[in-house]
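Since every read-out is calculated from the coordinates, none of them should be taken as a lab result. Predicted, not measured: the structure shown is a model, and the values here were computed from it. Don't worry about glycine lacking a Cβ; one is built from the backbone with ideal geometry, like all the others, and counts go over all protein chains shown.
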Amino acid sequence: MKNKYQRLSKNDKLECRNMYYSTPKGKEMHLRLIRLNIIGICGLLISIYIIGNGIIKNILNWSDYFIAVPLFLASIIFLVGAYFIRGKVLNQFALKIPRFKNK
């Protein structure tokens, strides 16, 4: 069952998530995922600030694009990656727990 976590009900997902985050490995993974999200959001905000500041002051150079666009793309990759990693890890956990195997 490849997508067990995605097929659980909302309450079961919440229970599975809480059970996983209560384990030592889950606590560490939760901190890493939060860190990835913070880095992604900060990168998005900084890249938007660079482009916005350049547009407002009419001094937007090619170097601003050279910095802001890759930063924006990397930030999107961080956010999407954190989402997929969370789903993958929780799915593996749901497959191992007997309580969620029959649901």
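For the range 53-68, does any single residue satisfy the condition of being without any contact (Cβ under 8 Å) to a residue 40 or more places away in the chain, within 25 Å of PHE100 (Cα to Cα) and not basic (Lys, Arg)?
no
Could you count how many residues in the range 20-36 are in contact (Cβ under 8 Å) with a residue 60 or more places away in the chain and farther than 13 Å from LEU95 by Cβ?
Residues in the range 20-36 being in contact (Cβ under 8 Å) with a residue 60 or more places away in the chain and farther than 13 Å from LEU95 by Cβ: 2 in total.
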